[in-house]
Amino acid sequence: MMQTPLYQKHIILNARMVDFTGYQMPIQYSGIIQEHLAVRNSCGIFDICHMGELIVRGVGAEDFLNYITVNDVKSMSVGDAQYSAMCYENGGIIDDILIYKYADKYMLVVNSSNLEKDFSWLKKYKRDDVELIDISAETGLIALQGPDSRNILQKCVELDLTDIPFYTFIESNIGGFNATFARTGYTGELGFEIYADKDDIGQIWDIIMDTGDVIPCGLACRDTLRMEMKFCLYGNDIDDATNPIEAGLGWITKLNKDKFIGKKSLLLAKENRIRHLTAFKMDERAVPRKGYSIYADGNKVGKVTSGTQSPSLQKGIGLGYVQFGKHKVGMELDLDIRGIMKKATIIKPPFYKNGSAQL
């Protein structure tokens with residue numbers, strides 16, 4: 001079992017620890033609902049040092065990444081962050097990733113459970129004019145999320161945080177420690193990701209915590225927060241048996257690119273739609289869970305991929321793949337919840353409409 005550089009911080013804070021992708025990670029501190037609402041209303045801090053970071057550099061780096069990912073890397077400028085995915089030839093999703101474009105390199109941020117698979121896939125297609133380096137073990141990563149996050153972090157840094165628009169980043173320092181400050185997020189709220197050397201990340205955590213205005217948050221509320229925004233979780237809502245088109249990720253899939261891995265399959269998937277990842281809210285008191293069957297007009301049309309009780313809305317919400325045509329907003333569904341049919345309605349995501357992410 002691995003530990004992040006912040007492990008002792010969590011123990012001191014009496015966090016409840018669980019095994020997550022081979023790491024001992026905090027699932028909660030004060031409680032899921034309290035932590036969730038802190039992020040929605042003020043500010044929370046997350047240890048996400050378990051994420052994987054890969055450096056891609058060299059004269060062929062741009063062309064290589066444009067071929068191996070579905071989004072348009074060539075549209076990026078230095079300082080941009082881009083959400084993307086890597087797919088197999090059959091269109092199945094290897095991983096959803098973030099790409100950061102620095103002046104002399106790219107950094108890929110990947111899901112920890114997929115790090116080894118992703119690195120092997122990149123190596124398989126790596127060209128001679130491209131260098132690939134795994135820096136995960138030496139990199140620490142904190143996420144500060146919530147509408148007050150900018151004001152709180154501004155107390156700790158000299159750079160002007162208003163100079164970091166949504167989906168961009170800046171290299172600067174905090175407390176004398178070099179760091180990358182990015183604005184992507186997984187909660188739907190205004191926030192910052194701070195990448196730094198693993199030996200420095202603990203002191204950076206303390207600098208932010210010492211403001212007294214932020215509470216530590218665990219993986220449990222991270223999941224409810226992303227659910228309320230309909231953000232996909234790899235292993236639940238997307239995996240190698242799903243493609244970006246049916247997952248609602250057509251917006252990151254640039255089918256007009258000349259060539260990229262999986263393009264032919266994804267063009268077919270767009271032409272011949274079979275199912276679609278749908279967001280639904282429960283109309284009755286019930287909590288949907290992964291694997292529950294979804295029905296429409298008495299016929300089974302799909303399965304739940306993610307579900308929870310929304311702390312913000314105080315009702316059950318879920319995601320699930322349903323037959324194409326049965327996925328439209330306003331359509332009524334029935335969920336088989338432990339043998340009892342419970343009614344639900346398809347909604348236009350996100351579930352939570354008042355997020356501060358782009359402020």
Legend entry - Calculated from backbone phi, Karplus (6.51, -1.76, 1.60) coupling profile of segment 233-241 in Hz, x at Gly/Pro: 10, 5, x, 10, 8, 9, 6, 6, 9
Inset, instruction - Rounded, prolate or oblate: pick one for the chain, where a ≥ b ≥ c are the square roots of the eigenvalues of its C-alpha gyration tensor, a/c under 1.5 means rounded, and failing that, prolate if a/b is larger than b/c, else oblate. - result: oblate
Inset, instruction - Read phi for every residue in segment 84-92 and hand back ³J(HN,Hα) as whole Hz from Karplus 6.51 cos²θ - 1.76 cosθ + 1.60, θ = phi - 60°, with x for Gly and Pro. - result: 8, 8, 10, 10, 6, 4, 7, x, x
Legend entry - Derived scalar couplings ³J(HN,Hα) [segment 303-320; Karplus, 6.51 cos²θ - 1.76 cosθ + 1.60; whole Hz; x for Gly, Pro]: 9, 6, 9, 8, x, 6, 8, 6, x, 6, 9, 6, 8, x, 9, x, 10, x
Inset, instruction - Just need log10 I(q)/I(0) for segment 167-293 at q = 0.09 Å⁻¹, Debye formula, equal scatterers on the alpha-carbon atoms, no solvent, rounded to two decimals. - result: -0.44
Inset, instruction - Net charge near I33: determine it from the other residues with C-beta under 15 Å of the C-beta of I33, scoring Lys and Arg +1 and Asp and Glu -1. - result: +1
Inset, instruction - Add +1 for every Lys or Arg and -1 for every Asp or Glu among the other residues with Cβ under 10 Å from the Cβ of L225, and state the total. - result: -1
Legend entry - Local net charge near Y100, Cβ-Cβ under 14 Å (Lys/Arg +1, Asp/Glu -1): -2
Inset, instruction - May I ask you to list the GluC sites (Glu not before Pro) in segment 226-314 that are in a DSSP loop and have at most 14 other Cβ atoms within 10 Å of their Cβ? - result: E284
Inset, instruction - Could you count how many Lys pairs in segment 128-280 have their Cα atoms under 19 Å apart, skipping same-chain pairs fewer than 8 positions apart? - result: 5
Legend entry - Over segment 273-359 - Rg/Rh using Cα atoms and the Kirkwood inverse-distance radius: 0.98
Inset, instruction - Give the long-range amide H neighbours of D95: residues separated by 5 or more places, or on another chain, with amide H under 5 Å away, using H modelled in the peptide plane at 1.01 Å from N. - result: M86
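Taken together, the values in this text are just the output of simple stated rules run on the coordinates, not laboratory data. Just so you know, these numbers come straight off a predicted model, no measurement behind them. Positions of Cβ are backbone-derived with ideal geometry, glycine not excepted, and every protein chain shown enters the neighbour counts.
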